[in-house]
Amino acid sequence: MAHGKLSSAIFYTKHLKITFTMEGISMNRWKILILLWAALLIACSQQVKSIKATDPVQLATNNGYLLLSVDSVINLEQLNVSGAKSFHLGADDLTKGKHYILVDLPAGDYQITSIKFNHWLRLQLQDGLWNFNVRPGQISYIGELQLKGWALELENRSSMALQYLEQNHTELLKQFSVRYSGPGDDHYFEFVEASGGAK
Amino acid sequence: MKALGKFILITASLLFVTANHAATTLAPIPATELFQEGALSQFQFSPNGEYTSAAVNYPDGKGIAFYDKKTNEFQLIVRIAQTDWIKHYHWLDATHLFLQFGNDNVVINTIVTVQDDNGKLRFESKNLPKNGYLVGQLKGSPTQLLFATDVGRSHFEYQLYRVSIEQLIAGEFPKDNRIKDLLNTDNATRLVYSQESNQLISIRMDAETQQINVHYRHLDGAEWQPLFSFNPVEFDFSPQQFLADGSLAVLTNKKSDKMALYRFNVKTQELGELLYEHPRYDLMDADFVEGQLSSVSYLAHGRLEQQFFTAKQQQLQQQLSQYFPEEQWQLIASHAEQKLLLVFSATNPGQYFFYQSGQPPQLIGSTLPELTKYQLAPSIKLQVKGRDHLEIESLLTLPVNRAKTATPLIVMPHGGPIGVQDTDAFDPTVQFLASRGYAVLRTNFRGSAGYGKSFSEKGVAALGEGIEQDIRTAVTQVRKQYDIGRACAMGYSYGGYSAMMLAISEPEFYGCVIAGFGIYDLPLLFNASNLKIQPEQRIRVERVIGPLTPALKTRSPVYLANKLQAPVLLIGGMEDDVAGFEQTHRMFDALKRAGKPVQEMFYQETGHGHNRWDLEHHQIGLIDQFLTQHLAARKKLTNAEQAEQWYRHAQLLEEGDKLGKDLAGAIKLYQQAAVFGHAASKVELAKALLNGEGLPQDLNKAIAYLQQAAAQDSAGAELLLGSVYSSGLYQPAEPAKANPHFSRAATLEPSSTAAFYIARASCLGLAQAVNWQGCLQRIEQQLKDYQQHYADSKTKQLKNAARRVIAELLLNGQPNSADRGRLIAILQSTLKAPIDTSAEITELRVGQYDLDRGKYSEESTYPRTSKNEFGSIIKALRADNSTGNKQTWLLVRWQRQFPDGRIQVIFDDAIPAALSEHLQLHSKLEYAMDQQAATWQLQVFDLHGQNLYQHQFVFQ
């Protein structure tokens, strides 16, 4: 019953989306279910926690802020990231539903490497699809990680992220500009700034 | 006498035929009558012509039905849930149908057997035990089918078998019947069988190359031959029929601008003779009879046109054009000389007729029968030359009750923009707007389907430029020829983008914009996510939008927000994975920051459009309100319309799925609607007042609202009044007061659960003489008459009410053994297995239940909170080991005891329990009346009323 349509040529069909997403996560459902990982691998990265609105604004030199949101239909155990600093986000920041996560990190290139659902189940992510950059002295927004069913995607939701910052981190926004630093290229934040909007 | 009779018959038939034109009312057509599923579709004759079958959707049943010409009635032979639909069906032979039905998530294959039992028809449906699909049917008798059955474990993988109907029903696929040497067996391949040539055809979509590869072979052969291959991005290719010389008749635009009919040489894989091409329009379909081309069809100016090539077909066309001079028609089925026709137009949503040469068409039924009482608005065909002399067709609908001057206009670009077109068929949105005094203009701008490849390609990269220029040219023509006032631009998907761009380019003409599920930031289409930036996806976008360049920003409404003068209604689905919700939210954000007036409606858990009719009603009601405010074809909505919209919005706020849950907001809207006399809103307010939910508990106010609504013939109000006076929960029970309300509820709505409460009063002798026979008969009859499909919400409501009443009667009623047996039999009718009538209960868990953690904690007293549930998990064991029965019924009672010793039964219920199954029996301090100081008690009985288990819950 969709009213109008966008040409199916533009947007991938549901079939292809599943195919592509499966490639993106590099294995099929059954392999995921029987995959086991050693706890040792987890111990190498440091847990970081999302900065709260009430936390003081203190950014080290050559560090930047990473902003992302996670929208999941289930509780997640851990989100692992490698790069300029290897770290992971823990269960407290990854409960089901939609949550924004703000952390400060050394500037540099990063990649989301895997997601741990629970003690036995981890999803390894394919190289090249989950890269992002944290710029020094800035809030780098990389997108919303959406986990719905078996589909995983990092989607650009800049306008919603901007609203979140304006409502929850006004002090931070006064001091640091926000830029899109996820997959692809986008300059909505700059447009808003130039129009006299948020910094 | 005979001549007069014939004259009357002909006149009567013509009246039948032209029923749509003799409408009586010009009032605004309610959304509920326009936006609804059609009542009839998929008509077929059985192979021997004995039966006429159709997919039907009527209030008293949905499914496949047989049509009786003599009585003009439908008899349902297979019933499906209201939330499902018939995907397709067909006759296998004179007594068997294959049916596939379900919904977005479920597909069920079924075989229906028709038996004639001395003139009385009996029907048996068997769901097929295996997943798969019917590939085809072999010629001859007994009926042999080809079925592709899913044998995969983790993903779809099929094997093909030749089976009889009986084997298919039993799920038996003998090894020897397997068709070997299939080309591919995965999800990307589809098998088709050509009965005429006994050939198997394998169609495969290669995900990497995007190529569609089709092969064929003789059914019993092993060697596959290529039939054809093509990339749908480059051209279209649609096979129609094998021809006598072994070539294939295909519709394609590979060698021509238009989709035309060619002979395709399978051996050389070359397109050969051009069989038919229309100079202006793409062909949609081609039919052959005995190897000869008999007809082609296409859409000309949005209207279905057919060319016939045989004398018989041309004669048919001539005859039908006399009966249906204005309408479009399609031959749906034929058997001997009998034909089934579908007749439709912009003002006719669809009517089915029998037709036999020499006799007037006989109306069977209408797809939307409620609309026959309205005068719908026809389309006017317009044509104009675009700035590069491209011919652009439009459809203009003028309101039948149009203003004398300055008719307000709604310019409605379609979606796409490539590969979609507006047609001259019934459109509920167009009729909704036209019946409210708006003219509607729809333009098949460059890029639209149906006009050939080059017309389609001219739409590529023309977003915000050539496309909108075509629309502006069409609007200019309309303004020259008709007295048009102000306008609004309105569209969905690409139409939303186009509406914004039109309003930005002509601020003095467009007084408002309505944009839904649209795109507004063109560069974002290339950068929407980590998957959408991949080269293959970007190429897809480029094929429509053109390359990613800085210039795309200058044609993106997000970055032009400060230029928009018109107020905007912005609609979006928050799970839209076609356009992407960020597109809509970004547009909203940009407009707000630019200080522009924008009203948003973002639907939660909604994709690229709605899949529920109530949401369509809500959305179009919102649009109606918005247009009334900004375009003002009429001064304002009527009180009734306004109240209805408030009520719809309140329902969504209360439900909390599609809009954020907001009970206070819902109550406020119900109150506003109640002031305007809306009966259903009064009932909702009464519920809130009874339960103390959203409003302080107030029994007198609740009764007052219910009495007002009852005076307006609300069956719901009468039922609730009956409950208030009979349940003893709100005040001491007064059966003498309750009984008349239940009776009136049943009169107003015969399918109401009120029938069970009328029966209850009769069984228990509540303010009337005891009458067990009448009581039991009433319960049985109500279930028999009004149970539809087990999955329908109405049926669940009836069954739940029946169980509760039966539980109470078994516990309180003291029936004799015959009546007890009859009550048990009613319960038993819902279970296949016989009932074991007693059990031993073991308590496994008890106490307060934490929903988040899924844990019980048993305390001596529990906190008085509405947050947590409380109750027990029990297990029922077989008390009588002599029977092999695995099921029983348990009667559950929740009651509370007040400090003064008074005992109040909260409710009784009958629960089917599989022995050894864990049963979770919970309650909650949910409503205001539950906050009274009391000890709660859970009791479990067997069908004889013997207490098997009880537990007390004491609250602080």
Per the Kirkwood definition applied to all pairs of different Cα atoms, how many angstroms is the hydrodynamic radius of the protein assembly as shown?
-> 34.3 Å
Treat the count of other C-beta atoms within 10 Å as a stand-in for reagent exposure and order A:Ile74, B:Ile703 from fewest to most.
-> A:Ile74, B:Ile703
Between B:Asp483 and B:Phe676, what length comes free when the chain is fully extended (0.36 nm per residue of separation minus the Cα-Cα distance, one decimal in nm)?
-> 65.9 nm
Normalised alpha carbon radius of gyration of the stretch B:502-623 [divisor 2.2 N^0.38 Å] = 1.10
Within 10 Å of each Cβ of B:584-595, how many other protein chain Cβ atoms are there on average?
-> 4
Applying 1/(1 + (r/R0)^6) with R0 = 22 Å to the Cβ-Cβ distance of A:Gln124 and B:Glu157, what FRET efficiency is obtained, to the nearest 0.05?
-> 0.30
Can you run the Rg to Rh ratio on the stretch B:600-668? Use alpha carbon positions and the Kirkwood inverse-distance Rh.
-> 0.99
Dividing the convex hull volume of the Cα atoms of the stretch B:122-232 by its residue count, what figure in Å³ per residue is obtained?
-> 134 Å³
With R₀ set to 25 angstrom, the calculated FRET efficiency between the beta-carbons of A:Asp92 and B:Leu851, to the nearest 0.05, is 0.80
Would you work out the relative contact order for chain B, in percent, from Cα pairs under 8 angstrom that are 6 or more residues apart?
-> 6 percent
Among B:924-933, B:347-356, B:111-120, the order from most to least packed when residues are scored by Cβ within 10 Å on average | B:347-356, B:924-933, B:111-120
Residue list for the stretch B:151-176, given a label point 7 angstrom along the Cα-to-Cβ vector of B:Asp220 and an amide N cut-off under 20 Å | B:160-165, B:174-176
D (µm²/s, integer) via Stokes-Einstein for the stretch B:230-308, Kirkwood Rh across alpha-carbon pairs, 4 °C, 1.567 mPa s: value 101 µm²/s
Treat each spin label as a single point 7 Å out from the Cα along the C-beta direction, and report the B:Arg178 to B:Glu508 distance in nm.
-> 7.7 nm
Could you give the semi-axes, largest first, of the ellipsoid that matches the stretch B:852-956, computed as the square roots of 5 times the alpha carbon gyration tensor eigenvalues and rounded to whole Å?
-> 28, 16, 11
Note to self: Kirkwood Rh of chain B, Cα pairs, one decimal, Å, is 32.7 Å
Distance between Cα centroids, the stretch B:583-604 to the stretch B:340-356: provide it in whole Å.
-> 43 Å
Mind checking A:190-196 for the average number of partner chain beta-carbons within 10 Å of each residue's beta-carbon?
-> 3
Determine the gain in length on full extension of the stretch B:Asn947-B:Asp93; use 0.36 nm per residue of separation and subtract their C-alpha separation, reporting nm with one decimal.
-> 301.8 nm
Beta carbons within 10 angstrom, averaged per residue: use that to sort the peptides B:226-234, B:499-507, highest first.
-> B:499-507, B:226-234
What angle, in degrees between 0 and 90 and rounded to the nearest 10, separates the Cα long axis of helix B:754-764 from the longest principal axis of the Cα atoms of chain B?
-> 20 degrees
To the nearest 0.05, the calculated FRET efficiency linking B:Gln317 and B:Lys255 through their beta-carbon distance, R0 being 45 Å, is 0.95
Highest mean first, what order results for A:173-186, B:431-444, B:643-656 on Cβ atoms within 10 Å?
-> B:431-444, B:643-656, A:173-186
Counting partner chain Cβ atoms within 10 Å of every residue's Cβ in B:532-545, what's the average?
-> 4
Taking a label point 7 Å from the Cα of A:Asp185 along Cα-to-Cβ, the residues of the stretch B:508-527 whose backbone nitrogen sits under 12 Å from it are B:523-524, B:526-527
Along the positive direction of the dipole of the stretch B:771-907 (beta-carbon charges: Lys, Arg +1; Asp, Glu -1; about the Cα centre), which of B:Asn816, B:Gly901, B:Asn771 reaches farthest?
-> B:Asn771
If you wrap the stretch A:40-165's Cα atoms in a convex hull and average its projection over all directions, what's the area in nm²?
-> 7.6 nm²
Tell me the label-point distance for the pair B:Leu121, B:Gln359, using the 7 Å Cα-to-Cβ offset, in nm and rounded to one decimal.
-> 1.8 nm
Estimated [θ] at 222 nm from DSSP helical runs (n ≥ 4, -39500 (n - 2.57)) normalised by residues in chain B, nearest 500 = -8500 deg cm²/dmol
Just the ratio, please: alpha-carbon radius of gyration of the stretch A:78-132 over 2.2 N^0.38 Å, N its number of residues.
-> 1.15
Volume per residue, Å³, of the convex hull around the alpha-carbon atoms of the stretch B:554-672?
-> 122 Å³
P(r), alpha carbons of the stretch B:657-723 - 10 Å bins starting at zero, rounded % = 24, 53, 21, 2
Cα-projected label distance for B:Lys799 with B:Ser923, points at 7 Å along beta-carbon direction, nm = 2.5 nm
About its Cα centre, what dipole magnitude does the stretch B:734-856 give when the only charges are +1 on Lys and Arg Cβ and -1 on Asp and Glu Cβ, stated in debye to the nearest 20?
-> 200 debye
In whole Å, how far is the Cα centre of the stretch B:779-827 from that of the stretch A:119-181?
-> 56 Å
By how many nm would the segment from B:Gln897 to B:Ala333 grow when fully extended, if each residue of separation counts as 0.36 nm and the alpha-carbon distance is taken off?
-> 196.2 nm
If eta is 0.692 mPa s and T is 37 °C, what Stokes-Einstein diffusion coefficient results for the stretch B:269-380, Kirkwood Rh from Cα pairs, in µm²/s?
-> 209 µm²/s
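Quick note: the coordinates plus some simple rules give every number you see, no bench work behind them. Quantities reported herein were computed from a predicted structural model and do not represent experimental measurements. As a convention, Cβ positions derive from the backbone with ideal geometry for all residues, glycine included, and neighbour counts pool all protein chains shown.
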